[in-house]
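Only one structure is covered here, and it is reproduced in the block below.
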Amino acid sequence: MVSHTIEHGVLVITVDQDPGIGGRARVSETISDLVHAHRPAPVVIVLDDRAAGTAAVSAVLRAHRMCGHLGILMSIATHSAPARRLLEANACTDGTRPVIHARKDTAISTALDAAAAAA
């Protein structure tokens, strides 16, 4: 359900299917463990088309809040326009809004640029 790679120093976490409400906590925990293990690396979470449901989006938004608290740059990539709309509609308004891209390579490039600018 969740896989990860390191691309150019960016932790890329891919959620390949929606875990459903019952699996949301497990996905959130897996993402959290990966982020903590690889910090301070920037993070890109990729939602595949099959992961465009509310439970996966909820787990990703939870990860975004966690990364914000840890001071870790995070962005999201998904081809799914409905998932992008769901992410935007459900993002917290009391912090930094998530940066959402349609393509993984663009998200990685942006993360690298932002990390370089912050250094």
| remark: Over segment 38-61, the set of residues β-branched (Val, Ile, Thr), open to solvent by less than 60 Å² (accessible area, probe 1.4 Å) and assigned to a helix (DSSP H, G or I) is Val57, Val60
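How about segment 82-118: which of its residues are in a loop (DSSP other than H, G, I, E, B) and either at pLDDT 90 or above or open to solvent by less than 60 Å² (accessible area, probe 1.4 Å) (or both)? Give the derivation first.
Just the residues of segment 82-118 that are in a loop (DSSP other than H, G, I, E, B), to begin with: 91-98, 102-103.
Hits for segment 82-118 are Ala91, Cys92, Gly95, Pro98, Ala102, Arg103.
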| Going through segment 62-81 one residue at a time, which ones are of a type outside the set (Val, Ile, Thr) and surrounded by 19 or more Cβ atoms within 10 Å (Cβ to Cβ)? | Ala63, His64, Cys67, Leu73, Met74, Ser75, Ala77
| message | Can you say whether Ser28 is open to solvent by less than 20 Å² (accessible area, probe 1.4 Å) and either without any contact (Cβ under 8 Å) to a residue 24 or more places away in the chain or of a type in the set (Gly, Ala, Ser) (or both), as far as the supplied structure shows? | response | yes
| said: Can you tell me which condition Gly23 does not meet? The list is (1) closer than 20 Å to Ser3 by Cβ; (2) in a helix (DSSP H, G or I); (3) of a type outside the set (Lys, Arg); (4) within 14 Å of the chain's Cα centre (by Cα), and all the others hold. | reply: (4)
| message | Please count how many residues of segment 1-25 are open to solvent by 20 Å² or more (accessible area, probe 1.4 Å) and β-branched (Val, Ile, Thr). | response | 5
| message | If I go through segment 66-90 residue by residue, how many of them are within 12 Å of the chain's Cα centre (by Cα) and more than 18 Å from Asp18 (Cβ to Cβ)? | response | 7
| request: State whether one or more residues within segment 33-51 are in contact (Cβ under 8 Å) with a residue 12 or more places away in the chain, hydrophobic (A, V, I, L, M, F, W, C) and more than 24 Å from Ala116 (Cβ to Cβ). | output: yes
| Quick one: how many residues across segment 5-25 are without any contact (Cβ under 8 Å) to a residue 60 or more places away in the chain and either under 13 Å from Ala111 (Cβ atoms) or hydroxyl-bearing (Ser, Thr, Tyr) (or both)? | 5
| query | Restricting the first residue to segment 92-116 and requiring it to be within 10 Å of Ala77 (Cβ to Cβ) and among the β-branched types (Val, Ile, Thr), which pairs with a second residue that is modelled with pLDDT of 80 or more and buried (at least 17 other Cβ atoms within 10 Å of the Cβ) meet a Cβ separation below 6 Å and a spacing of at least six or different chains? | reply | Val99/Ser75; Ile100/Ile76; Ile100/Arg84; Ile100/Leu87; Ile108/Val10; Ile108/Val44
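The values are calculated or read from the model by the stated rules, or taken from the named source; none is laboratory data. These numbers come from a predicted model, not from an experiment. When we count neighbours, we look across all protein chains shown, and the Cβ atoms used for this are built from the backbone with ideal geometry, even at glycine. Note: areas computed on protein heavy atoms with side chains; ligands, DNA, RNA excluded. Shrake-Rupley method; radii C 1.70, N 1.55, O 1.52, S 1.80 Å.
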